[in-house]
Structure formats: C-alpha cells, structure tokens
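The values are calculated or read from the model by the stated rules, or taken from the named source; none is laboratory data. Since we're looking at a predicted model, the values are computed, not measured. Note that each Cβ is placed from the backbone with ideal geometry, even for glycine, and that neighbours are counted across all protein chains shown. Calculation scope for accessible area: heavy atoms of the full protein, side chains included, ligands and nucleic acids excluded. Shrake-Rupley method; radii C 1.70, N 1.55, O 1.52, S 1.80 Å.
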Amino acid sequence: PNVTATMTAVCILLGVPPTMRPTARGGDPVADYWHAAQTRVFKEPKKLIQTLLGFDKDDLEDGAIRRILQLADGKKLEPAEVRQDSLACGAICLWLRAMCTYHEVKKG
C-alpha cells in the first residue's frame, strides 16, 4: 500500500491520468494509477529524475496537494514507512512531502 500510494501521488502531482480499468463484475471502470505510473512515469528512470529535479514547484495546484495529503492519512506517505518497502519510492515520497510542505509554506 505504501508504494502504491507513493506512485499514485506522483501521478497526481505530475498530472498523469490513471489508466481506466474495467472491473471484474463489469461495473464502472476504476482508476488504476499503478499501471499509469509503471507505463508512463517510472518507465524511464533517468527521465523521471530529470522531471523531478526540473519540477515547477511554484505552480502546484491546490487540488493536487489536497489529494496527496488525503493519501498521506494513515501513514501511507511517510518516507520511513515507504522506504521499508522500496528505497527508491522512499526517496520519491520524501520529495513529494517536500513539495507539499513548500506549497503550504508558500501559500502562507
């Protein structure tokens, strides 16, 4: 759950839409950020690092930050917790938290 939440948050912050997947029972499609992250965000690790380093932190949307902070409830986006499952995602989680903190401080 920690890695999945981190990948979801990265997609939200970078504006990567989820892949819509049909449900097993044929109901409404569900948003699959895991697939979107694997196929669009984490597909090229070097490009991801460049994207994160060059990210425009001064143009963050309030809605995206709110959604990420909702994911943060229940320790899903605690870097130390995420790091136990994946060192790379732990570092990305730390970056996500820094972006959220920057946004909140800048907003005042």
Toy charge model, Lys and Arg Cβ at +1, Asp and Glu Cβ at -1: the chain dipole around Cα centroid in debye, rounded to 20, equals 200
Per the Cα gyration tensor, segment 2-75 corresponds to an equivalent ellipsoid with semi-axes, largest first in Å, of 23, 16, 11
Going through Lys47/Lys76; Lys43/Lys107; Lys76/Lys106 one by one, the pairs whose alpha carbons sit over 28 Å apart turn out to be Lys43/Lys107
Heavy-atom accessible area of Asp28, protein chains in place, probe 1.4 angstrom, given in Å² to nearest 10, is 130
Tilt, helix 87-107 to longest principal axis of the chain (alpha-carbon atoms), in degrees rounded to tens, equals 60
